[in-house]
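Participant: Take a look at the following structure, please.
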Amino acid sequence: LPAVSSLRESDLVARLRRRVGTPPAWITIGIGDDAAVVEPPRGALEVLTTDSLIEDVHFRRAWTAARAIGGKAVAVNLSDLAAMGATPRAILLSLALPADLPVDDFDALVDGVVSAAESHGAVLAGGNLARSPGPLVVDVTAIGEVRRRRVLSRSGARAGEYLYLTGSVGGAAAGLALLASGADREALEPTLKECIDRYEQPVPRLRCGRVVAGSRAASGCIDLSDGLASAARQLAEASGTGLLLEAEALPIHPGASTWASRADLDAVQFAVAGGEDYELLFAVPARRERAFLAAFRRCRDLPVTRVGRLRAEPGAWISRAGSLEPLPTGFEHF
Ligand SMILES: [Mg+2]
């Protein structure tokens, strides 16, 4: 198999450009110049975020296909935009490529990046290619827009407000554990296979972030990159409150429950500590709860669940069968 080291940088850029196609008119200068030049969004603020996926820290090339790695590098950034109530506009891609990376994997990685961006309305506007003496690094910067009065942040919440969570938790952590255990994914039952998909192909909750931001029914929001326990703590800390989750209310992914019981782990602890679900956690004042739920009905088929509340008493707790337990701490990659 030919490796990227057999091609010049200009050849790789040409392959990338072919995949991206013609940029929209608001990109005055796109891929191929020293920098990209874009027309700013009219009447909106720009939202900027960056995050990288590093081989053997965030993914293993032996476990996950190149296309999925590219898609996930975009999704984790778009999830941050979703948590701000923003709409994606453009991304920048910086790749550090090991010399032995097959050209086919380079093409698949780029296809994953561009497909994920396109599916959420973002354009790849530029980036950088470099050789890596070690791991493959996929670094993405995402740029979005949001109207001034619709910005969601972590710090606007107050004690007494409810915590609402989109989707389910624990699935991605179960997917990672399954890959690490060497499970044959083709032989897995559907709910467990779905866990691997949740780990490898997270779906940024952009529509929900936008709809809730537009309703102005939430006082704060954060995405679940490092798990529910970590996200809830960060939201509470930024707002200067304590927090209480309810174990019985948690929407634990069925595959996570199955994995936890097989691995002899506590499903609740596993699900709240497990990372990478990329759901959104909202703080909602009681008087805005009906407006929040009404707005949420426009989030297509995504469920939302009240999982706890912020409270004046300090500390992070989870209640189960009538007693309080300290909330587990978060998740570490590998
Ligand atoms: Mg985030």
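Read-outs: derived from the displayed coordinates by stated rules, not from any lab. Being a predicted model, the structure only gives us computed values, none of them experimental. In this analysis, Cβ positions are derived from the backbone assuming ideal geometry, glycine residues included, and neighbour counts consider all displayed protein chains.
Participant: Using each residue's phi in region 47-58, evaluate 6.51 cos²θ - 1.76 cosθ + 1.60 at θ = phi - 60° and report the 3J(HN,Hα) Karplus result to the nearest Hz, with x for Gly and Pro.
Facilitator: Computed from phi, the couplings for region 47-58 are 10, 10, 8, 9, 7, 10, 10, 10, 4, 6, 10, 10 Hz.
Participant: Antiparallel DSSP bridges in the chain: what percent, to the nearest 5?
Facilitator: If I count the DSSP bridges inside the chain, around 75 percent turn out antiparallel.
Participant: Separate question: What are the ³J(HN,Hα) couplings of region 84-96, residue after residue, when phi is run through the Karplus curve with 6.51, -1.76, 1.60 and θ = phi - 60°? Round to Hz, x for glycine and proline.
Facilitator: Listing the rounded values in order: 9, x, 8, 10, x, 10, 9, 10, 10, 10, 10, 10, 10 Hz.
Participant: With +1 assigned to the C-beta of every Lys and Arg and -1 to the C-beta of every Asp and Glu, and no other charges, what is the dipole magnitude of region 50-133 about the Cα centre in debye, to the nearest 20?
Facilitator: With Lys and Arg at +1 and Asp and Glu at -1, about 140 debye.
Participant: Separate question: Quick one: which of 208-219, 84-95 comes out on top by average Cβ neighbours within 10 Å, and what's the full order, highest first?
Facilitator: Ranking the peptides 208-219, 84-95 by packing returns 84-95, 208-219.
Participant: Okay, next question. Determine the gain in length on full extension of the stretch ALA294-SER155; use 0.36 nm per residue of separation and subtract their C-alpha separation, reporting nm with one decimal.
Facilitator: Value of the extension gain: 47.7 nm.
Participant: Moving to a separate point now. Compare LEU152, LEU188, LEU165 in a GNM of the chain, Cα atoms joined below 10 Å, and give the one with the largest fluctuation.
Facilitator: Fluctuation is largest for LEU188.
Participant: Would you kindly derive the ³J(HN,Hα) couplings of region 129-136 from the backbone phi angles with the Karplus curve 6.51 cos²θ - 1.76 cosθ + 1.60 (θ = phi - 60°), listing them in order in whole Hz, with x for Gly and Pro?
Facilitator: Once rounded to whole Hz, the list reads 10, 9, 7, 10, x, x, x, 6.
Participant: I'd like to know how the chain sits against the 2.2 N^0.38 Å rule of thumb: what's its Cα Rg over that expected value?
Facilitator: 1.03
Participant: A further question follows. DSSP beta bridges in region 204-334, what fraction antiparallel, as a percent rounded to 5?
Facilitator: Rounded to the nearest five, the antiparallel share is 75 percent.
Participant: Give me the extension gain from GLU313 to THR191: residue separation times 0.36 nm, minus the current Cα-Cα distance, reported in nm with one decimal.
Facilitator: 40.1 nm
Participant: Next up: For a footprinting-style exposure proxy, rank ASP264, ASP104, ASP80, ASP51 by other Cβ within 10 Å, fewest first.
Facilitator: Least to most surrounded, the residues fall as ASP264, ASP104, ASP51, ASP80.
Participant: Can I ask one more? Starting with the fewest neighbours, write out THR49, THR28, THR22 ranked by other beta-carbon atoms found within 10 Å of each beta-carbon.
Facilitator: Sorted ascending by nearby Cβ count, the order is THR22, THR28, THR49.
Participant: Using 0.36 nm per residue, how much length does the chain from SER10 to ILE29 gain when fully extended, once their Cα-Cα distance is taken away?
Facilitator: That works out to 5.1 nm of additional length.
Participant: Cysteines without a disulfide-compatible partner in the chain, using Cβ under 4.7 Å as the rule?
Facilitator: So far as the 4.7 Å Cβ criterion goes, CYS195, CYS221 stand without a partner in the chain.
Participant: What is the ratio of the Cα radius of gyration of region 131-194 to 2.2 N^0.38 Å, where N is its residue count, to two decimals?
Facilitator: The reported ratio for this selection is 1.82.
Participant: For VAL123, enumerate residues with amide H under 5 Å from its amide H, sequence gap 5+ or separate chain, H modeled in the peptide plane.
Facilitator: Excluding prolines and chain starts, which carry no amide H, the hits are ALA90, ILE91.
Participant: Among LEU97, LEU280, LEU224, whose mean-square fluctuation peaks in a Gaussian network model of the chain (Cα, cutoff 10 Å)?
Facilitator: In the Gaussian network model the winner is LEU97.
Participant: What's the exposure ranking of ARG42, ARG320, going from fewest to most Cβ atoms within 10 Å?
Facilitator: Fewest-to-most ranking of ARG42, ARG320: ARG42, ARG320.
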